[in-house]
Each structure stands twice: as C-alpha cells, then as structure tokens.
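Notes for the one structure printed next.
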Amino acid sequence: MNSETESLKEEVLRCTKCELAKTRNHVIFGEGNLNGGIFIIGEAPGRDEDLQGRPFVGLSGQLLDKILAACGFTRSEHVFISNIVKCRPPGNRVPTPHEAAVCMPWLLKQIELINPKILILLGATALKYMAGPEYRITRERGNWLNLNSRLAMPVYHPAALLRDPSLKRDTWEDFKKIVYKYRELVNPNHYSAHV
Ligand code: SF4
C-alpha cells in the first residue's frame, strides 16, 4: 500500500462517525491490489467479514472468488474489494441512507487514490449509492455506466446468486463483458481459460 492509502486506512480504522462503530468487531477497509485496475464495491461487511476483518470471506465471498477465478482475476493481482459501508450493520441488515452517506466519503477517497479503470458494482445497494436511487439492478445489470468519467458495471450481488442460482447465467455474461473491457483498457494479453 502506498503512503497515502496507508494513512487513509489508519484513519478509516479509527472511524466512529456512525452508530455502526458501536457494534462492529472490525472496520473492513478493503483488500486487494491497488494497481490491479478493477475496484469491486459491495454493500457492507457481514458476520464473517466482521469477525475476520476482511471483505467477502463468507459464502458470498467464496462465490465471488470463483467467478473472479473463471475470469482469470485474483484479489492479489487484479482487483481491490471494499464496500459502501465499512462496518457491519447488525443482523446484516441493509445500511441506512444515513450510514451510507456518512461512510461514502471513505470509499470515494479510496477510489480517487486507487484510480481504477473499471468499477464493479455488486448489487442494488452499491448501484444505488454509486449511481443514484433511480437505478435498478434488474434493469441496469450488464450495462456499462459512466460515473464521473469512470466505467462501472453493475452486476448481481453474489448473495443474490446464492438465493437464486438462475441469476448466475446473466451474471456470467456480465463478467465476460468485464474481461473484454479489461483486455481493452488494462492488459490486452489478460488470460482467462473461459473467456
Ligand atoms: S460504517 Fe463507516 S462511517 Fe460508520 S463507523 Fe464504520 S467506517 Fe465510520
């Protein structure tokens, strides 16, 4: 991590700007490669993430890692992963608009420092707060959005795929578009055994 991101991380780990600070075990700053070119945004840490202090380590995270692997992507090389809010909402509820509004500046600062070529918005909450409340994941998934001159691909959240496996087919089509775009913008020689 470079020094700017390190000092941002130290600040975020001390954050008590919203009520979620009272019930969390860990602040989940995010993890991955700062220079990988892809920034993945989820909703919020869940129970497993809160206990381990890492993003996307539960069942959803394992599924996300499988999808990334099929694309030829790994956390250590190609992506950085974080969330709209950095502390777990009790009972894994959806973050409130207030919590999201208070926490979002951390995420926006991360994106500014990391400067990814591609954003992946995992699910309705990431789409809503990154693009706007009028955006619907069922309508927008699979379509590139331009968010302040940055390309963003909304896809279903892996938790939704676990609830409804029939969404996996569309999701794979969306991730194929991400691989094509990655070859176009980051590495023309990117290898994926499946795309
Ligand atoms: S959720 Fe965000 S704003 Fe709230 S305490 Fe955690 S880091 Fe701070």
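Each value in this text was obtained by applying a stated rule to the coordinates, not by laboratory testing. Not measured: the values here are computed from a predicted model. Heads up, the Cβs are rebuilt from the backbone with ideal geometry, glycines too, and the neighbour counts pull from every protein chain shown.
Worth a mention:
- Note on segment 3-185: dipole from Cβ charges, positive end direction compared against HIS98, LEU34, ALA70; the farthest Cα belongs to ALA70.
- Note on the chain: with charges restricted to the Cβ of Lys and Arg (+1) and Asp and Glu (-1), its dipole about the Cα centre is near 320 debye.
- Relative packing of 122-129, 88-95, which averages over residues the other C-beta atoms within 10 Å, highest first: 122-129, 88-95
- The residue list ASN146, THR16, ALA159 was ranked by how far each Cα lies along the charge dipole of the chain toward its positive end, using unit charges on Cβ atoms, and ALA159 comes out on top.
- Pairwise centroid distance, computed over Cα atoms, of segment 160-186 with segment 39-72, Å: 15 Å
- Amide H contacts of HIS157 (H built 1.01 Å from N, under 5 Å, at least 5 apart or other chain): GLY123, ALA124
- LYS109/GLN62 FRET efficiency (R0 35 Å; Cβ-Cβ; nearest 0.05): 0.75
- Take the Cα of GLU10, step 7 Å toward its Cβ, do the same at ASN146, and the gap between the two points is 4.0 nm.
- Of the GluC sites (Glu not before Pro) found in segment 15-112, those in coil by DSSP whose Cβ has at most 16 other Cβ atoms within 10 Å are GLU77.
- For the chain, share of DSSP beta bridges that run antiparallel, in % to the nearest 5: 25 percent
- Least to most buried among SER82, SER149 (fewest other Cβ within 10 Å first): SER149, SER82
- Rounded FRET efficiency, nearest 0.05, which uses the C-beta distance separating TYR191 from GLU134 and R0 of 30 Å: 0.20
- Dipole-positive endmost among GLY123, TYR182, GLY58 within the chain (Cβ charges, Cα centre): GLY123
- Amide proton proximity set for VAL79, modelled H, under 5 Å, gap of 5+: ASN33, THR74
- Cα centroid separation - segment 24-38 against segment 90-149, whole Å: 15 Å
- Percentage relative contact order, the chain, counting C-alpha pairs under 8 Å, at least six apart: 23 percent
- Residues HIS194, HIS157, HIS26 in ascending order of nearby Cβ atoms (within 10 Å, fewest first): HIS194, HIS26, HIS157.
- As a length-normalised measure over Cα pairs under 8 Å and 6 or more apart, the relative contact order of segment 1-102 settles at 37 percent.
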